[in-house]
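A.B. asks: Below is one structure. I have some questions about it.
The values are calculated or read from the model by the stated rules, or taken from the named source; none is laboratory data. Just so it is clear, the structure is predicted and the values come from calculations on it, not from any experiment. We place every Cβ from the backbone using ideal geometry, glycine too, and count neighbours over all the protein chains shown. The area values use the complete protein model at the heavy-atom level, side chains included, leaving out ligands, DNA and RNA. Shrake-Rupley method; radii C 1.70, N 1.55, O 1.52, S 1.80 Å.
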Amino acid sequence: MKKGIAILGSTGSIGTQALEVIENYPDKFDLQVITANRNADLLIEQAIKHQPNTVVIVDESKFEQVKSALWEHEIHVYAGEDALAQVVEGNEIHTVLTALVGYAGLKPTLRAIEAKKTIALANKETLVVAGELVTKMARENGVNIYPVDSEHSAIFQCLVGDFENKIEKIYLTASGGPFRGYTKDQLAAVTKAQALKHPNWEMGAKITIDSASLMNKGLEVIEAKWLFNLRPDQIDTIVHPQSIVHSLVQFEDGSMKAQMGLPDMKLPIQYALTYPERFKTDFPRFNFMDYPQLTFEKADADTFKNLNLAYKAMEMEGTAACALNAANEVSVQAFLEEKISFLAIADINEAVLMQTPNSLSPVYEDYVNTDKLAREKAWEMVKNFNK
């Protein structure tokens, strides 16, 4: 029986690779839904090629363009944020791959959980923003959340066969990004073009900047806390420039398991969609002789203070991580628009984290309000910052 798939964010890096995975197994997957925020041209191209049942364009101004392009293909077309949240509830959908960028992934993911859909989670911000609420709802609805991030997929793969054994610690590996080893003085002069050149991974602009600032690793630390029910002191980060060891688990007996392989997001995407099975692939294979040395070093959280801010947000609990995420989405956008310097990203994030009221027993509306307030504070700081 084919597994019905909805891809939220099909035009992004994860979404386009997920379509490649699904295309390779036409007897296993049935593509039901694809969505995009604004990229109507690519959404139309994907819809014509892959023939899903339904497409959603969030930007309502693009609705007529998409509808007119697809009317003769008998594809249902909807527009708007409400449609994005509603479309995941279809009876034909088994798994929802949330590949949206940022806070936008929270509402449709919650709706998918309420509809008892399996979640393949590529949108780490969903757990960063509202991990307590998301995991509680998943437990209540009997929903499995399978991680797509390469690091969290690695931890999950290491735990298969060991779910009953207690974790002592996990290590999330980081490439170090394009500025590994830089001092603060050097970081003060880096450009947008430099920050967008990741040494190992092909990713969207936002996550690439997050990787350069180590905020991506900070967000992954928070995500890991909720995915694997860990304390902050059980989660460590280590820089591994080759990006071959994707992460490690240390058990109570001291034994460690690592998941390794060439950097390729299609593998964790596929595993999240096929678990507990592994489907044969033609991906390039790792050769030890091509990597005679695998090296590891301590993450420089003092220079790249976004990593420490993530741990701080976890200590604060409540809506603190929600505020941090909102600030970071604004500051990264401002950097990409060349309104602030690279170092200002972390400065704004820290100020917003400390100045935004923290709700310690939050409900959904508290997350919504915190996100809104934190964004307003962050944009005000952007206006006042000198590049």
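A.B. asks: Write down the accessible area per residue of the chain in Å², having rolled a 1.4 Å probe over the full set of protein chains. Please list the in-between numbers first.
C.D. replies: Numbers: 17570 Å² over 387 residues.
Per-residue accessible area for the chain comes out at 45 Å².
A.B. asks: Moving on to the next point. For the range 213-253 and the range 69-117, compute the distance between their C-alpha centroids and round to whole Å.
C.D. replies: If we compute the Cα centre of each part, the gap is 29 Å.
A.B. asks: If you look at just the Cα atoms of the range 127-277, how large are its Rg and its Dmax in Å?
C.D. replies: Cα only, the range 127-277: 16.1, 50 Å (Rg, Dmax).
A.B. asks: Is the shape of the range 31-110 best called rounded, prolate or oblate, per the rule: a/c under 1.5 gives rounded, else a/b larger than b/c gives prolate, else oblate, with a ≥ b ≥ c the square roots of the Cα gyration tensor eigenvalues? It would help to have the intermediate numbers written out before the result.
C.D. replies: Working: a/c = 1.79, a/b = 1.29, b/c = 1.39.
Because a/c hits 1.5 or more and a/b fails to exceed b/c, the range 31-110 counts as oblate.
A.B. asks: Could you tell me the relative contact order of the range 1-129? Use alpha-carbon pairs under 8 Å, at least six residues apart, and round to a whole percent.
C.D. replies: The normalised contact order for the range 1-129 reaches 25 percent.
A.B. asks: Run the helix sum for the chain: -39,500 (n - 2.57) per DSSP H stretch of 4+ residues, divided by residue count, reported at 222 nm to the nearest 500 deg cm²/dmol. Working shown, then result.
C.D. replies: Numbers: 16 runs with 174 residues, N = 387.
After summing the helix terms and dividing by the residues of the chain, the value is -13500 deg cm²/dmol.
A.B. asks: How much of the DSSP bridge set in the chain is antiparallel, in percent, rounded to the nearest 5?
C.D. replies: Working: 12 of 42 bridges.
Antiparallel bridges make up about 30 percent of those DSSP assigns within the chain.
A.B. asks: Right, next: For ALA205 and SER61 in one chain, what is 0.36 nm times their gap in residues minus the Cα-Cα distance, to one decimal in nm? All intermediate terms of the calculation are to be shown ahead of the outcome.
C.D. replies: Working: separation 144, 0.36 × 144 = 51.84 nm, distance 2.35 nm.
Net length gain for the segment: 49.5 nm.
A.B. asks: Using every pair of alpha-carbon atoms in the range 85-215, split the distances into 5 Å bins beginning at 0 and state the percent of pairs per bin, rounded to integers.
C.D. replies: 2, 9, 16, 18, 16, 14, 11, 7, 4, 2, 0, 0
A.B. asks: Defining a contact as two alpha carbons under 8 Å apart and six or more residues distant in sequence, what relative contact order in percent does the chain show?
C.D. replies: Numbers: 714 pairs, mean separation 54.7, N = 387.
Relative contact order comes out at 14 percent.
A.B. asks: Residues in the range 305-337, backbone N under 16 Å from the label point at LEU196 (7 Å along the Cα-to-beta-carbon vector): list them, ranges by number please.
C.D. replies: Once the point is set 7 Å along Cα→Cβ of LEU196, 332-337 turn out to lie under 16 Å by backbone N, inside the range 305-337.
A.B. asks: Which of rounded, prolate or oblate describes the range 278-387 when judged by the alpha-carbon gyration tensor and an a/c cut-off of 1.5? Before the final figure, lay out the partial values.
C.D. replies: On the way: a/c = 2.18, a/b = 1.68, b/c = 1.30.
Since a/c reaches 1.5 and a/b is larger than b/c, the shape of the range 278-387 is classed as prolate.
A.B. asks: Let me ask something else. Using alpha carbon centroids, what distance separates the range 131-188 and the range 350-387, in Å?
C.D. replies: Centre-to-centre (Cα) distance: 24 Å.
A.B. asks: Between MET260 and SER68, how high is the FRET efficiency from 1/(1 + (r/R0)^6) when r is the Cβ-Cβ distance and R₀ = 45 Å? Nearest 0.05.
C.D. replies: Details: r = 48 Å, r/R0 = 1.06.
Approximately 0.40, to the nearest 0.05.
A.B. asks: Considering only protein heavy atoms, what is the solvent-accessible area of ARG285 at a probe of 1.4 Å, reported in Å² to the nearest 10?
C.D. replies: 150
A.B. asks: Further, regarding this structure: Kindly rank 360-366, 121-127 from highest to lowest mean number of other beta carbons found within 10 Å of each residue. Could you put the intermediate results ahead of the total?
C.D. replies: Details: 360-366: 12.7, 121-127: 27.6.
Top to bottom by mean Cβ count within 10 Å: 121-127, 360-366.
A.B. asks: Can you give the FRET efficiency to the nearest 0.05 for ARG139 and ASN165, using r as the Cβ-Cβ distance and R₀ = 25 Å?
C.D. replies: 0.75
A.B. asks: Also, I was wondering about something else. With a cut-off of at most 14 other beta carbons within 10 Å, and DSSP calling the residue loop, which GluC sites (Glu not before Pro) in the range 280-332 qualify? Please list them.
C.D. replies: Values: sites: GLU297, GLU315, GLU317, GLU329; in loops: GLU317.
Passing both the DSSP loop test and the Cβ count: GLU317.
A.B. asks: Still on this structure, I have one more. With 37 Å as the cut-off, how large is the P(r) tail for the chain, expressed as percent of Cα-Cα pairs? Intermediate results must be reported in sequence, preceding the final value.
C.D. replies: On the way: 13349 of 74691 pairs.
Pairs farther apart than 37 Å: 18 percent.
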